[in-house]
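Note sheet for the following structure.
The values are calculated or read from the model by the stated rules, or taken from the named source; none is laboratory data. These numbers were taken from a predicted model, which means no experiment stands behind them. Neighbour counts run over all protein chains shown; Cβ positions are idealised from the backbone, glycine included. Ligands, DNA and RNA are stripped out before the accessible areas are found, and what is left, the full protein with its side chains, is counted by its heavy atoms. Shrake-Rupley method; radii C 1.70, N 1.55, O 1.52, S 1.80 Å.
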Amino acid sequence: MNHTSVPRIATWLLKRFGCSPKNDSLVGDLIEHRQSGRSRFWYWKQVLVAIAAGLVGEIREHKLLTVRAIAIGWSVPILYHFVFHPFIVEMLWRLEPWIVVQHPSFYHSYYHDLERFVWGESGSLLQFLALQCLLGFLNGWLVARLNRGNPRMPVMAYAASVSICAMMNWTYYLLVTGQMPPLFPPILFVFVVADQLSVVVILAGGGLLRDSKRKDAFRATTT
Amino acid sequence: MFITSEHMAQRNHMSSFELMVMLVLIRLGDEAYGVPISREIERTSGREVPMGSVYATLERLETKGMVAAELGEPTVERGGRAKRYFKVTARGLREVRDTQRTLMQLWKNLPALERGKA
């Protein structure tokens, strides 16, 4: 037998985020393929496609549940935006700018202050990241809490929606909005990282990063 | 019109990939698990097939009652994971035969697809 190393992170990702109950057999098949000479790149590609295919399959099967999960996840920031804007936001901006940065209108209204905001005030960046993480964690927890039976798919669907919106947001700013001054690359990097970080904390808030009972439940279903 | 649409709703129409997987399962017999299934599809179609798609399709066919799955023994070369063997059920065989009959009928008398023209 050829003892080729198996990418552990990829395997962990598939076990954690693969939506199929037959993931264990799939992992075994991928390991067998890898042992027979398939490349690491091939293995990673198979894992990512398997996670995506599993999620899409679950979404197709449970459309209403998906819509509900995304609606729940987005309800907090959307309510905040429409209920409190513009009065409270203006007030908060004067008192606590790091709260307002969560707000979509922040990018429009205070765009010119971004550099000052991120680098100019001590602690602003950390506060921003901390709030981003806290909100993401709470939203992930909320979605999981309201889908207790099977929280994995709803939380992943919500996280995917956040990731897609973040990518669309940055694509819009980078490609479409020509009048705005270009973002300072490190700041852009910070905001892109923060967006992706919020996806990770949503998954953490939804309990998907925990090595929990799921494994035992999975074993129970397969034996 | 109503009868036709009702009849269509009752039947499980297979996609081309589902049909391909079913035929491979029939071909492999008792040795049909993930690795040989994907290899056989690759060999016959000449394209690389993502394992995730194969499993998603098998799961769908299982839900439709066309395929049954059974766990084998865990093995060391698979990192202690068991193989999942799949076999076509009687219902699945019936569906494959129906699909074959339908395709054969559709295939007849198509001048555009005669040899050398297509």
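Can you compute the charge dipole magnitude of the stretch B:52-94 about its Cα centre, using +1 on each Lys and Arg Cβ and -1 on each Asp and Glu Cβ, nothing else charged? Give it in debye, rounded to the nearest 20.
200
Using alpha-carbon pairs under 8 Å, 6+ residues apart, how would you state the relative contact order of chain B in percent?
Relative contact order of chain B: 24 percent.
Can you run phi through the Karplus equation (6.51, -1.76, 1.60; θ = phi - 60°) for the stretch B:106-112 and list ³J(HN,Hα) in whole Hz, with x for Gly and Pro?
Result, ordered by residue: 5, 6, 5, 6, 10, x, 5 Hz.
Would you mind telling me which residue in B:Val54, B:Val76, B:Val24 has the biggest mean-square fluctuation in a Gaussian network model of chain B, where springs connect alpha carbons within a distance under 10 angstrom?
Result for chain B, Cα springs under 10 Å: B:Val76 fluctuates most.
Which pairs, out of A:Lys15/A:Lys63; A:Lys63/B:Lys108; A:Lys22/A:Lys45, put more than 28 Å between their alpha-carbon atoms?
In this structure, A:Lys63/B:Lys108 lie more than 28 Å apart at Cα.
Measure off 7 Å from each Cα along the Cα-to-Cβ vector at B:Ala112 and A:Val67, then give the distance between these two points in nanometres to one decimal.
Going from the B:Ala112 label point to the A:Val67 one covers 3.7 nm.
Buried accessible area between B and A (1.4 Å probe, both chains summed, ligands and nucleic acids excluded), in Å² to the nearest 100?
Summing both sides, the interface buries roughly 2100 Å².
Any idea what angle helix B:51-63 forms with the longest principal axis of chain B, computed on alpha-carbon atoms, 0 to 90 degrees, nearest 10?
In chain B, helix B:51-63 runs at an angle near 70 degrees to the longest axis.
Return the loop-located trypsin sites (Lys or Arg not before Pro) in the stretch B:64-113 (DSSP other than H, G, I, E, B) with at most 11 other Cβ atoms within 10 Å of their own Cβ; answer none if there are none.
Answer by residue number: B:Lys108.
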